[in-house]
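Below: one structure in structure tokens.
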Amino acid sequence: MASEKRLIWTIAITQLVGWGCLFTPFQLMIAPMERELGWSRTEISGAFTLGLLVSGLMAIPAGRWVDRHGGRGAIAWGGLAGALVLAAWGQVQHLWMFYALWVLLGMVQAAALWGSAMAVMVSAIREPMRAITAVTFITGFTGTLFLPMIALLNEALGWRGALLVLALLQATQTPVALWGLRGTGPKTRETLAPVALGPILRRPAFLGLALCLSAHSFIGVGLGAHLVLLLKEKGIAEAWVITLVALHGPFQVAARGALYAMGARVRMVAVGVFACALLPLGLAWLWWAPPVPLWLLGFVLCWAIADGLLTIVRAGAPAELLGKQGYGAITGALTASAVLPRAMAPAVIALIWQSSGSYAPVPPLLVLVGMVAFCAFIWAARDRR
């Protein structure tokens with residue numbers, strides 16, 4: 001059995017680097033790619049959406065592979081494949097090539113990022129939920145570290161040079177994973193036996209989790225794309241808007257730190273109920289609060305805590321409600337179920353804004369989606385075995 005401390009640090013480092021290099025750069029590459037290549041923002045964003053869809057669709061086969069072989073190879077060699085794709089992105093000249101690269105990046109993300117890492121933690125650590133909380137505490141700083149670094153690289157080297165540097169950094173994930181995750185493969189015949197997904201997919205526990213996590217994905221991606229504009233439309237000064245949005249990260253990390261301090265006595269189902277209750281509360285706060293920055297801190301606090309804890313619930317609740325056998329395939333199916341809500345959220349909110357001329361209908365819609373998440377999680381929790 002791998003040393004638990006070594007394993008936790010390995011997962012934390014590979015996920016910090018993986019999310020920072022394979023996911024974070026896109027938003028900072030749009031503007032310079034528009035200027036140099038003449039592609040529209042819609043054309044460029046379409047590739048990112050395609051990558052999300054591919055990542056979700058590949059989650060189930062990737063999860064089955066991890067169940068049978070362990071996550072070490074997926075994280076190590078998937079990370080190296082990601083480095084090669086980043087280097088190729090830095091050389092791209094044609095739109096069709098860019099879309100092809102994002103198909104590959106979607107496959108890499110399915111193999112090397114969250115699902116594989118959590119499968120390793122659940123199978124190899126005595127108290128996996130506390131370890132997962134520790135990892136998410138560290139990876140919560142991904143944007144804080146990588147966004148300014150990528151911006152500096154863009155300014156110094158251009159977007160193509162920045163991607164080559166990120167490719168070199170991403171390549172370090174391979175030796176780190178190969179060294180740090182040795183001894184984490186499945187050991188028993190029971191672990192190696194493929195799980196029958198059909199009966200699991202029909203259980204209320206799975207259906208409720210799938211609906212809850214899909215609703216959470218819709219809210220998170222939708223707010224990520226439109227929150228700045230929504231707050232500006234409320235009449236909040238730009239400096240305050242940036243401050244409010246930036247506070248999401250520290251509040252999220254603080255919530256994970258508090259959960260870590262509580263230790264193994266905390267059940268994931270209880271954490272999920274609490275986080276899902278905060279979702280509609282925070283979104284109602286956004287809906288009803290006056291356009292005063294200090295009032296809106298309540299929304300930011302509720303949303304950040306719910307978002308931060310649900311990331312952990314996404315990893316821990318499937319094992320608690322549905323068991324550890326076939327964890328990779330089960331969590332892959334949960335990821336796949338959230339693909340469309342996650343990919344469509346920015347476009348749906350944009351269409352609402354375009355048809356109504358304002359963001360006014362968006363907060364009540366998100367409150368409704370948050371209520372769906374809460375009710376769905378309660379439904380799932382009632383099926384615990």
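No value in this document is a laboratory result; all are computed from the given coordinates. Since the model is a prediction, treat every value here as computed from it, not as a measurement. We place every Cβ from the backbone using ideal geometry, glycine too, and count neighbours over all the protein chains shown.
Using R₀ = 35 Å, calculate the FRET efficiency as 1/(1 + (r/R₀)^6) where r is the Cβ-Cβ separation of Ala196 and Ala347; round to 0.05.
Efficiency at R0 = 35 Å is approximately 0.45.
Turning to a different aspect of this structure: Mind telling me which of Leu178, Leu351, Leu168 comes out most flexible in a GNM of the chain, alpha-carbon contacts under 10 Å?
Per the Cα network of the chain with a 10 Å cutoff, Leu351 tops the list.
Hey, another quick one. Would you mind calculating the relative contact order of the chain from Cα pairs under 8 angstrom and at least 6 residues apart, reporting the percent as a whole number?
For the chain, the relative contact order is 27 percent.
Nearest 20 debye, what's the magnitude of the dipole of the stretch 197-381 about its Cα centre given +1 on Lys and Arg Cβ and -1 on Asp and Glu Cβ?
Dipole of the stretch 197-381, to the nearest 20 debye: 480 debye.
Could you estimate the translational diffusion coefficient of the stretch 303-365 from the Stokes-Einstein equation, with Rh from the Kirkwood formula over C-alpha pairs, at 20 °C and 1.002 mPa s, in whole µm²/s?
152
Read phi for every residue in the stretch 236-244 and hand back ³J(HN,Hα) as whole Hz from Karplus 6.51 cos²θ - 1.76 cosθ + 1.60, θ = phi - 60°, with x for Gly and Pro.
Values per residue, Gly and Pro as x: 7, 4, 4, 4, 5, 4, 4, 4, 4 Hz.
Further question on the same structure: Just want the ordering: His248, His69, His216, from fewest to most Cβ atoms lying within 10 Å of their own Cβ.
Lowest count first: His69, His248, His216.
Please express the Cα-Cα pair-distance distribution P(r) of the stretch 1-154 as a list of whole percents, one per 5 Å bin, running from 0 to the bin with the greatest distance.
Percent of pairs per bin, in order: 2, 9, 18, 20, 20, 14, 9, 6, 3, 1, 0.
Give me the distance in nm between label points sitting 7 Å out from Cα along the Cα-to-Cβ direction at Leu340 and Glu36, one decimal.
3.7
Quick one: plug the Kirkwood hydrodynamic radius of the stretch 220-359 (C-alpha pairs) into Stokes-Einstein at 20 °C, 1.002 mPa s, and report D in µm²/s.
Calculated translational D: 129 µm²/s.
Could you tell me the distance between the Cα centroids of the stretch 80-123 and the stretch 133-156, to the nearest Å?
18
Convert each backbone phi in the stretch 354-366 into a coupling constant with the Karplus relation 6.51 cos²θ - 1.76 cosθ + 1.60 (shift: θ = phi - 60°), then list the ³J(HN,Hα) values in order as whole Hz, x for Gly and Pro.
5, 6, 9, x, 7, 8, 3, x, 6, x, x, 4, 5
While we're on this one: For a Förster distance of 35 Å, can you work out the FRET efficiency between the beta-carbons of Arg6 and Leu247, rounded to the nearest 0.05?
0.55
Please grab the % of Cα pairs in the chain that end up more than 34 Å from each other.
25
How big is the charge dipole of the chain about its Cα centre, in debye rounded to the nearest 20, if each Lys and Arg gets +1 on its Cβ and each Asp and Glu gets -1 on its Cβ?
The dipole magnitude comes to about 1260 debye.
What residues have an amide H closer than 5 Å to that of Thr172, excluding those fewer than 5 places away on the same chain, when H is modeled at 1.01 Å from N in the peptide plane?
none
Taking every pair of distinct Cα atoms and averaging 1/r, then inverting, what Kirkwood hydrodynamic radius in Å comes out for the stretch 110-235?
18.8
Also, quick follow-up: Could you order peptides 92-100, 301-309, 125-133, 375-383 by the average number of other Cβ atoms within 10 Å of their residues, highest first?
301-309, 125-133, 375-383, 92-100
Dipole magnitude of the stretch 1-143 about its Cα centre, charges +1 at Lys/Arg Cβ and -1 at Asp/Glu Cβ only, in debye to the nearest 20?
The dipole magnitude comes to about 420 debye.
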